[in-house]
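The values are calculated or read from the model by the stated rules, or taken from the named source; none is laboratory data. Only a predicted model underlies this, so the values are computations on that prediction, with no experimental measurement involved. Positions of Cβ are generated from backbone atoms using ideal geometry, with glycine treated the same way; all protein chains shown enter the neighbour counts. Each accessible area value is taken on the protein alone, full model and side chains, heavy atoms only, with ligands, DNA and RNA left out. Shrake-Rupley method; radii C 1.70, N 1.55, O 1.52, S 1.80 Å.
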Amino acid sequence: MQNQKDSLSAPLQMRNAAIVSAARAIQEARQHHATAGQHRALRRLTAGPSVIAQALLLPTVVCTLLLLGEPFILNFWRGCIQFWLTRLDIPLYAEQQTMAMKTLNFEWIGAANASYMPSFTTKLASAMTTFVVFALTSNMHKDKLPLQYLLRIVCVVQALALLFFWYAPSQFPYSIPDHMRDIVSMGSMLMLAIPVMLAIGYYLLDLSLTAKITHTMFILSYFILMIPHKVVLHTLILYKMSLLYMPVLYICLGAVFDMLLFVALYSWTVSMVPEEITR
């Protein structure tokens, strides 16, 4: 009888000892971090008049310079795109008489104005690939959850595009030049929005004016170089394959992709801010 009581009390003693040990560890952690301040991501920043003035003036100046420099940026984009179109043997040319980024137009050369609608083989191969990729995402490990979501979003968008092109391909209203023009327009609007977004999350930091200007020019220069090359990549995919992939390119590799690139560049820039500035 005594042995049974001892065998029953042993687990209770172990549980009580574990609870006491955990309570002691929590108490020690509280004492250790009693003097620690709030995490800098949760603290409010106090911006002086000069910092506030920079947050107001910098985006105004940068946006003004972008608007004034539109013809030069447009000429660079047109020249860069035309350079690659010629070497990739894509029968498109950029119109020369344009006055703003949003009016950068592309036209087919000669009789190359084909619809580039997907064939039955293309649609079947795309459907099988979409199904296989979506099925493979079910076996992905939990540590790859973001990649799993991304692949499934792409698969869903492509499946919807397949349904449209399977049942109503003649109703698709966009051509390759239309898509190119939209990508350029979205890229130019994002560039104008970048200084405003930086004013909210970066210019309010008590950094030197030189650092703010340098990082702003770096981010804008990246997009000035990236946007025309992204247009060429989209054009090459649509020209060599078909319009079936335009929805995926537009939704997953369009404005959303540009915004994610900005977030990555912004995060890299902010990661170099000294910790004492945000205390």
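Yes or no, residue by residue, for (1) in a loop (DSSP other than H, G, I, E, B); (2) closer than 30 Å to Leu58 by Cα; (3) in contact (Cβ under 8 Å) with a residue 60 or more places away in the chain:
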{"site": "Thr121", "(1), (2), (3)": "no, no, no"}
{"site": "Asn139", "(1), (2), (3)": "yes, no, no"}
{"site": "Leu151", "(1), (2), (3)": "no, no, no"}
{"site": "Phe165", "(1), (2), (3)": "no, no, yes"}
{"site": "Met180", "(1), (2), (3)": "no, no, yes"}
{"site": "Leu198", "(1), (2), (3)": "no, yes, yes"}
{"site": "Thr210", "(1), (2), (3)": "no, yes, no"}
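Cβ-Cβ distances below 6 Å connect the following pairs, each with a first residue in the stretch 257-273 that is closer than 14 Å to Ala193 by Cβ, a second residue that is among the aliphatic types (A, V, I, L, M), and a separation of six or more residues or different chains: Asp258/Leu190; Leu265/Ile219.
How many residues are among the charged types (D, E, K, R) and either surrounded by fewer than 19 Cβ atoms within 10 Å (Cβ to Cβ) or over 26 Å from Met189 (Cβ atoms) (or both) when one looks only at the stretch 205-226? Qualifying residue count for the region: 1.
Residues in the stretch 43-82 that are free of Cβ contacts under 8 Å to residues at least 24 places away in the same chain, open to solvent by less than 90 Å² (accessible area, probe 1.4 Å) and farther than 18 Å from Ala211 by Cα: Thr64, Gly69, Asn75, Gly79, Gln82. Just so you know, in the stretch 167-178 the residues that are assigned to a helix (DSSP H, G or I) and open to solvent by less than 60 Å² (accessible area, probe 1.4 Å) include one that is farthest from Arg78 (Cα to Cα), and it is Pro169.
Scoring Thr98 on the criteria (1) at pLDDT 85 or above; (2) crowded, with 16+ Cβ neighbours inside 10 Å; (3) out of contact with any Cys (no Cβ under 7 Å at 6 or more places or on another chain) leaves a single failure, condition (1). Condition first: open to solvent by 80 Å² or more (accessible area, probe 1.4 Å), small (Gly, Ala, Ser) and free of Cβ contacts under 8 Å to residues at least 60 places away in the same chain. Can you find one or more residues in the stretch 126-133 that meet it? Checked against the condition, which is being open to solvent by 80 Å² or more (accessible area, probe 1.4 Å), small (Gly, Ala, Ser) and free of Cβ contacts under 8 Å to residues at least 60 places away in the same chain, the stretch 126-133 yields no hits at all. Quick check, is Tyr202 at negative phi, at pLDDT below 90 and crowded, with 20+ Cβ neighbours inside 10 Å? Criteria met by Tyr202.
Please verify whether the stretch 139-148 includes one or more residues that are modelled with pLDDT under 90, within 30 Å of Ile81 (Cα to Cα), open to solvent by 80 Å² or more (accessible area, probe 1.4 Å) and of a type outside the set (Gly, Ala, Ser). No: zero hits.
Has the stretch 186-196 got any residue that is small (Gly, Ala, Ser) and open to solvent by less than 20 Å² (accessible area, probe 1.4 Å)?
Yes; the residues of the stretch 186-196 include at least one that is small (Gly, Ala, Ser) and open to solvent by less than 20 Å² (accessible area, probe 1.4 Å).
No other residue among Val273, Val263 is under 24 Å from Thr60 (Cβ atoms) and outside any helix (DSSP H, G or I) apart from Val273.
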